[in-house]
Amino acid sequence: MADTALSFLSAPLVSAPGMPLRVAAYSRIAQAIRTDLLRPGSLLPTETELGAHMKISRTVVREALMLLEEDGLVRARRGVGRFVADALPRHGIERVAPFDDIFRAPGQQIALHRVQTTRQPASEFVAPRVGLEPGEQSWLWESVLLRDGEPIAHLQEHIASNPEHDELLARQPDPAVGDARTLLAVLDSAGAGALDGECQIGLSTAGASRAALLLIDPADPVLVATQSLRRSGELFYLAKCVITAKAGHLSVMQSLQP
């Protein structure tokens, strides 16, 4: 193990009030992995060695390593030891990111087919989630996300129609002749600022119109992720993403704090 990684791991380990020590140990090792101090594919020190470096018990180290293995950051090889994963799992919907980034994976190409870009009255459902009154004008961007040419998700994004947004969207290239992007990717590249919000997850069936776009059966089950985002404390963006089984795993990172 490199001296820089050893120094990082050996720094005093402090857990926040109510945070189990195993979670603090997990976070320290995970940070070393994600910042390349512990390189992909490299052999980790033994539980005893890590415990000595981090000044924690072997039991705590073992629990932290089990969590890292469950989350795909570490893999075990029987009789040899534990290794940093060759490829780290993608961040998922636990953080604010455009859905084209969420579904992107190493060696795979994500593309967007724009179904429509339209200005329309905000519905009772959309209006309060984008800071409008029902009937006021909003933008709808509807897209199909494709991975390696195969449709995996149907995305509808909404924001309020106002001078700032109207001017920004008017500058975007025609998706038929340029690289199409999600609305959130456009907002982010324009400097949307700090965002936070919620993503609700539910189960449904595709239905005829979405099934035709996704090349699946109307009765096929789908996952529905509804994302509401705030900027400066005010709701301003809404997305509904209908995800097919072809998309595979979608990461949701969680922690339990007693």
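Quick note: the coordinates plus some simple rules give every number you see, no bench work behind them. Quick caveat: nothing in here was measured; it's all calculated off a predicted structure. Quick reminder, even Gly has a Cβ in these numbers, built from the backbone with ideal geometry, and neighbours come from all protein chains shown.
In plain terms, the chain is cut at each of the trypsin sites (Lys or Arg not before Pro) found in a DSSP loop with at most 12 other Cβ atoms within 10 Å, and the longest leftover piece is 79-170.
The equivalent ellipsoid that matches the C-alpha gyration tensor of the range 3-84 spans semi-axes of 18, 14, 12 angstrom, in descending order.
Separation of the range 88-167 and the range 187-258, taken as the distance between their Cα centroids, equals 9 angstrom. For the chain, the C-alpha radius of gyration sits at 1.21 times the compact-globule guess of 2.2 N^0.38 Å, with N the residue count. Available extension along the chain between S204 and T118 is 28.4 nm, counting 0.36 nm per residue and deducting the alpha carbon span. The GNM of the chain, with springs linking C-alpha atoms under 10 angstrom apart, assigns the highest mean-square fluctuation among L13, L195, L187 to L13. Placing R0 at 41 angstrom, the Cβ-Cβ distance between Q172 and S15 gives a FRET efficiency of 0.35 after rounding to 0.05.
For the chain, a Gaussian network of Cα nodes joined below 10 Å ranks P128, P221, P163 by mean-square fluctuation, and the top entry is P163. What's log10 of I(q)/I(0) for the range 99-247 at q = 0.19 Å⁻¹, Debye sum over Cα points only, no solvent? Evaluating at q = 0.19 Å⁻¹ gives log10 I(q)/I(0) of -1.27.
Expressed in Å, the radius of gyration and Dmax of the Cα atoms of the range 94-148 are 14.7, 44. Extent along the principal axes, Cα only, for the range 14-55: 33, 22, 10 Å, with the longest axis given first.
A DSSP coil position with no more than 16 other Cβ atoms inside 10 Å describes the following chymotrypsin sites (Phe, Trp or Tyr not before Pro) in the range 95-194: F125.
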